[in-house]
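The values are calculated or read from the model by the stated rules, or taken from the named source; none is laboratory data. If you're wondering where the values come from, they're calculated on a predicted model, not measured in any experiment. Every residue, glycine as well, gets a Cβ built from its backbone with ideal geometry; the counts of neighbours run over all protein chains shown.
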Amino acid sequence: MTEVAFAELYTAHYRQVRGLCRQLLGTTERAEDAAQESFVRAYRAWASRDPAQPFIAWIMRIARNHCLDLLRRRTREKALFGDEEVETVAAEAPDADGLGKALTNERAAAVNAAVAKLPERYRVPLALAYFGDQDYDEIASALGLTRNHVGVLLCRAKQMLRQELADAGERTLRVVGGRERMSAEEGTL
Amino acid sequence: MTCPSEVTHSMYADGALSSREAMLLERHAATCAACRARIEALREESAMLRTALRHAEDLAPIPRFVPPPSARDFVVLIASVVLIGGFSRAFWSTLAAAIPSELKWLNPFESGVLFDRATEIVKFIVFEVPAMWTDALNFIGAALVVAFVAWLALSATRRRAFIGIAASLLAAAIALPSVGHALEIRRNENGPVIVAGDETINDTLMAFGQTVSIDGTVNGDLVAFGQEVVVRGNVTGNVVTGAQSVTIEGTVGGTVLGAGEDVRLENARIGRDFYGFGNDVDVGPGANVTGNAAGFGENVDLDGRVGVDFKGFGSRVTVSGAVERNVDGFGQTVTVESTARIGGNLTGHVDSAGDLKVADGAVIGGTRSEQIVEREQRRNHYETFGYYFGQVIRLAGAFLTGLALLWLIPALREASLPNAIAVLRSAGIGLAAAVTLPVAALIICVTIIGIPLAVLTFMLGAIGLYFSKAVLAQIIGRGVLRNRPTPPHFAATLFVGLVIVIVAINLPWIGGFANLLLTLTGFGVIVSLILARLNSGATA
């Protein structure tokens with residue numbers, strides 16, 4: 001594994017790794033450090049990697065574990081993800097109807113800003129599920145929670161996002177019919 | 001059946017329900033339009049989230065990949081250390097040559113007579129003990145140490161402690177003699193440590209005892225400390241020893257470094273050099289030093305033979321033996337007896353003319369000269385007009401330089417030290433920065449691109465150290481003039497402060513210390529200011 005070859009992998013996947021780190025850690029600055037560190041760890045551990053596994057899956061797992069370590073170092077795990085029952089009650093509280101059926105591309109920045117405002121306990125599973133594309137079982141084992149607890153946290157996370165987006169820009173929120181419509185709008189932007 | 005919970009909907013939309021739960025939900029949804037709509041909305045929401053979260057990442061630039069430090073980096077680091085080390089030597093000497101003498105007092109390395117003497121001696125020891133530590137070895141050794149410190153810092157930032165540990169172990173293995181198999185330690189605090197005449201030690205020997213007698217053979221170095229140390233046997237390496245009384249009668253293959261009240265060589269054969277520190281330092285009649293010999297003490301006597309140069313520092317320096325090359329005597333009196341044979345030049349660095357006494361019959365191959373150490377003049381310099389004139393010129397020079405500095409960097413005018421704690425803290429910061437700045441520069445040096453930056457850091461540090469007294473003077477001046485009804489102009493405060501600083505560093509005895517303290521405190525103020533700037537810049 002030469003430095004040049006690794007640098008190519010780095011260039012190809014850096015954004016995705018940094019994205020996960022940013023979603024997990026909340027700030028761009030910390031995300032850049034964490035992404036660099038993840039690649040450095042991958043570089044060092046290259047020999048021990050399973051060649052059958054795609055690089056992206058491997059590096060994303062390294063990044064996820066590194067970010068979770070960083071978060072845990074700051075907060076005790078129990079406090080980080082709260083109590084399942086309390087969260088379940090909160091998740092069943094009535095809320096605004098849907099995070100819009102969809103949001104247009106131009107609202108992506110607003111969504112990202114809203115995600116960054118989420119408390120860690122909601123932001124972390126959200127990032128793993130919707131940025132890291134991990135299923136509930138993977139998230140549960142990474143965070144040391146039950147699958148149901150993950151479901152509750154994600155549900156709460158989305159409720160809070162809807163609320164935040166509604167507060168931030170109800171008037172600019174355009175509820176559109178579906179993904180087809182969204183893609184069409186992307187084309188016109 | 002009532003509608004399932006929001007959480008169940010959400011999990012179903014993400015495909016996270018067990019098959020049984022999913023089946024139950026589907027059965028319900030088949031009959032409930034509200035739930036179908038809700039599930040559809042949640043699916044779209046998940047898809048939207050996936051798109052939205054990725055969106056921001058496509059635009060941000062990708063920084064360069066910085067691979068973890070490698071062996072190559074370390075080589076670069078050492079090369080940089082050597083480069084910067086050489087550069088700093090050149091820098092200081094050039095700076096010293098380029099700056100008019102009126103401004104030289106700003107230089108923190110310029111100080112009093114006592115200090116000069118001390119540095120002279122240290123320089124002599126450091127640079128002229130070639131057998132044990134040559135200059136080059138010293139430099140490379142120091143470079144290695146500094147490079148490893150930098151390396152450790154580097155590894156620490158990568159949060160890989162074990163690499164740091166491995167590196168430091170390696171450093172210890174390379175830098176230190178292999179302790180395990182080449183060192184024998186003997187200690188007896190209440191009695192003698194004896195190496196008998198028929199005994200041979202094939203290691204470096206470290207001996208600590210009330211008395212240490214070496215009658216046998218040591219095939220290695222000897223390090224001996226005690227009340228009395230006597231070497232009658234044979235040491236093939238170097239001898240480093242400290243005792244009330246040190247006597248060497250045997251044969252030493254390397255260099256002898258002896259310190260004590262009495263340090264004497266009797267009939268000794270020294271393969272390389274001899275350095276003796278003590279009240280009485282005596283190279284006895286039968287002693288033969290192949291290399292150089294130097295004695296530092298109240299009385300320094302040379303009766304034996306020295307193969308190269310001899311230097312004696314003491315109240316009384318007496319030469320009655322043979323020196324193949326030059327003799328330098330530093331003392332109140334330097335006496336050369338009639339039996340003396342000097343192959344090269346004889347120089348007496350004495351207090352007044354006539355203190356170098358050469359008896360009839362002494363043979364001097366080269367020239368003979370007396371250099372009068374201007375001790376008397378130094379002692380009375382507070383009474384001369386020239387001294388005060390010089391100080392006025394210095395004050396003017398420093399004032400103009402300081403004025404330019406404060407004009408260029410207005411932030412320095414506002415620097416303050418409100419209380420004693422702040423003064424101490426600044427002095428501490430100054431000391432820490434003066435020590436760590438070169439290391440920081442080296443760390444920057446790791447990349448080739450970083451080298452100019454490192455040189456810049458280094459130069460800024462040097463300049464900061466240089467101007468630190470002016471900055472402190474400004475603070476002192478402001479403190480003195482703070483009760484004025486209108487805030488005084490910075491020129492006035494600078495002037496008042498400079499007067500105080502110049503008086504302080506010219507005080508007899510404590511001037512040198514005041515100089516150091518003022519320099520470090522001022523440097524600390526500058527460093528704190530820069531740090532505060534950087535911090536506010538980062539949070540803004």
inquiry  = I need the full set of residues from segment B:53-65 which are facing another protein chain (nearest Cβ under 7 Å) and modelled with pLDDT of 70 or more, in order please.
reply    = B:53, B:54, B:55, B:62, B:63, B:65
request  = Provide a single number: the residues in segment B:268-304 that are over 18 Å from residue B:239 (Cα atoms) and surrounded by 20 or more Cβ atoms within 10 Å (Cβ to Cβ).
outcome  = 6
remark   = Note on segment A:20-34: residues farther than 12 Å from residue A:124 by Cα and facing chain B (nearest Cβ under 9 Å) are A:28, A:32
query = Do we find that residue B:486 is of a type in the set (Val, Ile, Thr), in the same structural domain as residue B:515 (by TED's automatic domain parsing) and surrounded by 23 or more Cβ atoms within 10 Å (Cβ to Cβ) in this structure?
reply = no
inquiry  = Out of everything in segment B:1-12 that is surrounded by fewer than 20 Cβ atoms within 10 Å (Cβ to Cβ) and not β-branched (Val, Ile, Thr), what residue ends up being nearest to residue A:147 (Cα to Cα)?
reply    = B:5
request  = Kindly indicate the residue of segment A:51-98 that is at pLDDT 80 or above and of a type in the set (Lys, Arg) and also surrounded by the most Cβ atoms within 10 Å (Cβ to Cβ) among those meeting that condition.
outcome  = A:64
task = Within segment A:127-146, track down each residue that is in contact with a Ser or Thr (Cβ under 9 Å, 6 or more places away or on another chain) and farther than 21 Å from residue B:44 by Cα.
result = A:140
message = residue B:325 - would you say it is among the basic types (Lys, Arg) and either in contact with an Asp or Glu (Cβ under 7 Å, 6 or more places away or on another chain) or over 18 Å from residue B:306 (Cβ atoms) (or both)?
response = yes
ask   = What residue, among those in segment A:128-163 that are in contact (Cβ under 8 Å) with a residue 40 or more places away in the chain and facing another protein chain (nearest Cβ under 7 Å), is surrounded by the most Cβ atoms within 10 Å (Cβ to Cβ)?
value = A:152
ask   = Within segment B:2-9, is even one residue among the hydroxyl-bearing types (Ser, Thr, Tyr), under 14 Å from residue A:157 (Cα atoms), touching a residue at least 12 places away in the same chain (Cβ under 8 Å) and out of contact with any strand residue (DSSP E or B) (no Cβ under 6 Å at 6 or more places or on another chain)?
value = no
ask   = Which ones in segment B:7-45 are within 14 Å of chain A (Cβ to nearest Cβ) and in contact with a Cys (Cβ under 6 Å, 6 or more places away or on another chain)?
value = B:7, B:10, B:35
task = Report whether or not residue A:109 is within 13 Å of another protein chain (Cβ to nearest Cβ) and modelled with pLDDT under 60.
result = no
query = Are any residues in segment B:1-47 in a helix (DSSP H, G or I) and of a type in the set (Val, Ile, Thr), and if so, which ones?
reply = B:7, B:8, B:39
request  = Please state which of the following conditions residue A:124 fails to meet, knowing it meets all the rest: (1) modelled with pLDDT of 85 or more; (2) surrounded by fewer than 22 Cβ atoms within 10 Å (Cβ to Cβ); (3) under 21 Å from residue A:14 (Cα atoms); (4) not small (Gly, Ala, Ser).
outcome  = (2)
key: Checking residue B:50 against (1) more than 9 Å from chain A (Cβ to nearest Cβ); (2) part of a helix (DSSP H, G or I), the condition it does not meet   = (1)
